[in-house]
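Just below is one structure, and these are the notes that go with it.
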Amino acid sequence: MKITHATKPLRGEIVVPGDKSISHRSIMFGALANGDTVVRGFLKSADCISTMNCFKAMGIEIEEGSDGEGDFILIHGKGLHGLSKPGSSLDCGNSGTTTRLISGILAGQDFETVLIGDESLSKRPMKRVIEPLSTLGASIASMNDDDRLPLVIGKGELHGGVIRTRVASAQVKSAILLSGLYADGETSVIEPSLSRNHTELMLKAFGADITAGSAEDTRTSVRPGRELKGMTVKVPGDISSAAFFIGAALLIPGSRVMLKNVGINPTRDGILKVFMDMGADITVENVRYETGEKCADILVNYSPELKGTTIGGDIIPALIDEIPLIAVVAAGAEGDTVIKDASELRVKESDRISLTVGNLNAMGASAEARDDGMVIHGGSPLHHAVIDTAKDHRIAMSFSVAALISESVQPVDIRDSACVGISYPGFYKDLDSLMG
Ligand code: S3P
């Protein structure tokens, strides 16, 4: 994809697609529930389709339909013990969420399964789920003994217990909690900072016996013995997808964009806090709750006086996926932005510290990589470059935003831009619609 600088402001309204984290969970918990689950606002992206296909392969019937309220997904749940052994390995594609959450569920089944994934996923660390699930009695191992995919998960004896995690990861926390549905006692997770809590909110809504943690006390516990009951899930728009339009509107002169129905769960809203702290003109309106999730409409105006900031500590899990985009906005702001305590970025779909810094510098910005983050010296004009995305969807979308504020006539070349389909298949179409 070749993108030149924006010649006009971004104007208009977007309903961003459904939240990826919530969409994954709606399929998983719907499959494990008794009775039907209807999901509205489901994100039909490559990652969520990977989750859907894994559950179809384990005998779950999933239909797609449409009625007066719009498109929906209908999952015919078979209860906690209704999954059947798949005919072959389960392919998680590019999706870390599919892999890690499903590991917790598979740990409770009495059949053996092998999990595989694409090149990027096959490089990502799985020890973080292998270790705690093994401690809790699961039978789970890396086939090549390298803590990477393929994973073999068989019948274990889950006994519950308390796990203290080293990193604040919702994927790890969720895997542990899901295994707890199959344990013979209470399972608790204590994390260093509170990570996104969609699993806790949705499991509770499905009827699980769960006590969620808080920012002050992150201990989250689940007790076995209750069946999950099918329900209707309304998926709010994904703040991680809205982020790209928020960033673009802040940077492009004259812009004014309304983003409708965006999830602003407090474990996910770090980007709003950081941008407001940098001097952004953002208004959050019409706050409401859907299936326990806080959502709102977000109005963003061009903000010419953005200032650099320092980001670290407990806010990091609440904006972890937005850091490449925040770095792009920081490059357009005055002064330095320091991002620390974010070494998790090195083990996402790509090494997002190296790629973000490398691509920013290729465009003429001034940025330095640190082990656990980066420093961006804002204010240098950006110019044309070839962007190495390593097929990472969030890198592709972040640098598409950077391209819009680049100053050279030659376009910025976003390599492998089709990877946006991992989380936002309609990204370029929606961007075009705002450009009039
Ligand atoms: C996710 C959790 C985050 C995030 C990922 C989705 C989830 O990962 O980066 O895109 O849905 O649970 P970690 O919590 O493992 O950092």
* **Local net charge near ASP147, Cβ-Cβ under 13 Å (Lys/Arg +1, Asp/Glu -1)** => +3
* So, with +1 on the Cβ of K and R and -1 on the Cβ of D and E, and no other charges, what is the size of the charge dipole of region 1-119 about its Cα centre, to the nearest 20 debye? -> 420 debye
* Asked: Calculated from DSSP H runs of 4 or more alone, at -39500 (n - 2.57) each and per residue, what is the 222 nm mean residue ellipticity of the chain, nearest 500?
  -> -8500 deg cm²/dmol
* Mind listing the phi-derived Karplus ³J(HN,Hα) values for region 204-215, rounded to whole Hz, using 6.51, -1.76 and 1.60 with θ = phi - 60°, and x for any glycine or proline? -> 4, 5, 7, x, 6, 8, 9, 10, 7, x, 9, 4
* Asked: Taking the Cα centre of the chain as the origin and placing charges on Cβ (Lys, Arg +1; Asp, Glu -1), which of GLY263, LEU250, SER400 is farthest toward the positive end of the dipole?
  -> GLY263
* Asked: Okay, which of region 357-395 sit inside 19 Å, backbone N to the point 7 Å along the Cα-Cβ direction of LYS307?
  -> 376-380
* Structure fact -> Sorting THR37, GLY117, HIS377 by the position of each Cα along the dipole of the chain (Lys, Arg +1; Asp, Glu -1; all at Cβ), the one nearest the positive end of that ordering is THR37
* To do: Mind giving me the nanometre distance, one decimal, between the label points for ASP209 and MET435, set 7 Å out from Cα along Cα→Cβ?
  => 5.6 nm
* Pick out, in residue order, every one of the GluC sites (Glu not before Pro) in region 47-106 that is DSSP loop and has at most 11 other C-beta atoms within 10 Å; say none if there are none. => GLU69
* Structure fact -> So the number of lysine pairs in region 20-234 with alpha-carbon atoms under 21 angstrom apart, 8 or more residues apart or on different chains, is 23
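No lab work stands behind these numbers, since they all come straight from the coordinates. Since we're looking at a predicted model, the values are computed, not measured. Glycine also receives a Cβ, built like all others from the backbone with ideal geometry; neighbour counts cover every protein chain displayed.
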